[in-house]
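S.K.: What follows is a single structure, and I will ask about it in a moment.
The values are calculated or read from the model by the stated rules, or taken from the named source; none is laboratory data. What you see is a predicted model, and the numbers here were worked out from it, not measured in a lab. With ideal geometry, Cβ positions are generated from the backbone for all residues, glycine too; neighbour counts draw on all protein chains shown.
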Amino acid sequence: MASSIIGKSRMVWSTTGGSGNFRSRKQAEEGFSLIEVLISMVILTVGMVSLLGVFGLAMSTTQASQQNMIAKQLANEAYESIITARNTSQISWDEIQNASACSGNTDPGTGGIFMPGQTQIYNSGADGIYGTCDDTGSTPLLEVLADPGPDGIYNTTDDTIVPLTNYQRTISIYALYDANHNQISSLRGVTITISYSTPQNSQATYVLNSYISQYQ
């Protein structure tokens, strides 16, 4: 018996003796059925959709990380401006507290100069301190984030300007008390909260908690 296989086709034949009389012939064709092709397409589609979902999640995570970094920077700059103003005696100890309302640059009741409640990210006003009542008269009014453009140099015409309208800041300065519930006159607590919207349309916050002393 002799046999030959070519590709996916198989042919089998047999002869008897030397007469070469043809006795039988069988040919079988092999290939993919339609259902196998459809199943393969479904598996491939599911894999591609899952891969696209991973890419989308990675992009959202990267953007959220950048937003958190900006929020941290905004909180730190506000706190550092308060410390610098205290260290240079630019403002008095009585002024380092929240105003009950910003009808002027200083609250006549408390003497505080820091805006109450949540506000937009204003540029610092004439006093050069972020979050004070005179910020609403700053020019330009709202702070922006400037990144260097393709030339890698700040303050050139190709700089990338990122508006900060998505962010709000709250500066809260409050009294502290000792174990006997007596107010500590030379020390205050400072909480700076930055609120912003994430790519998933949910609200996120970054909170900086610290203290400020009357003395350096």
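S.K.: Within the range 133-149, take every residue that is in a loop (DSSP other than H, G, I, E, B) and out of contact with any helix residue (DSSP H, G or I) (no Cβ under 9 Å at 6 or more places or on another chain) and give me the one that is nearest to ILE70 (Cα to Cα).
M.R.: The residue in question is PRO148.
S.K.: Report yes if ASP94 is of a type in the set (D, E, K, R) and touching a helix residue (DSSP H, G or I) at 6+ places or on another chain (Cβ under 8 Å), otherwise no.
M.R.: no
S.K.: Given the residues TYR130, TYR174, which is the only one that is under 23 Å from THR205 (Cα atoms) and touching a helix residue (DSSP H, G or I) at 6+ places or on another chain (Cβ under 6 Å)?
M.R.: None of the other options fit; the residue is TYR130.
S.K.: Sticking with this one: Which one of these is under 18 Å from the mean Cα position of the chain (by Cα), among the charged types (D, E, K, R) and either modelled with pLDDT under 90 or closer than 30 Å to PHE114 by Cβ (or both): LYS26, LYS8, LYS72?
M.R.: LYS72
S.K.: Give the number of residues within the range 92-117 that are more than 12 Å from ILE171 (Cα to Cα), among the β-branched types (Val, Ile, Thr) and at pLDDT 90 or above.
M.R.: Selection size over the range 92-117: 0.
S.K.: Next question. Quickly run through the range 29-67 and pick out the residues that are closer than 30 Å to THR205 by Cβ and at pLDDT 80 or above.
M.R.: Hits for the range 29-67 are SER65, GLN66, GLN67.
S.K.: While we're looking at this one, here's another question. Scan the strands (runs of 3 or more DSSP E) fully inside the range 151-216 and keep the ones with 1 or more residues being over 29 Å from the mean Cα position of the chain (by Cα) and surrounded by 10 or more Cβ atoms within 10 Å (Cβ to Cβ).
M.R.: Qualifying strands (runs of 3 or more DSSP E): 167-177, 183-197, 203-213.
Here's the yes/no breakdown for (1) under 21 Å from GLN214 (Cα atoms); (2) of a type outside the set (Ser, Thr, Tyr):
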{"residue": "ALA85", "(1), (2)": "yes, yes"}
{"residue": "THR88", "(1), (2)": "yes, no"}
{"residue": "GLU95", "(1), (2)": "yes, yes"}
{"residue": "PHE114", "(1), (2)": "yes, yes"}
{"residue": "ASP158", "(1), (2)": "no, yes"}
{"residue": "LEU164", "(1), (2)": "no, yes"}
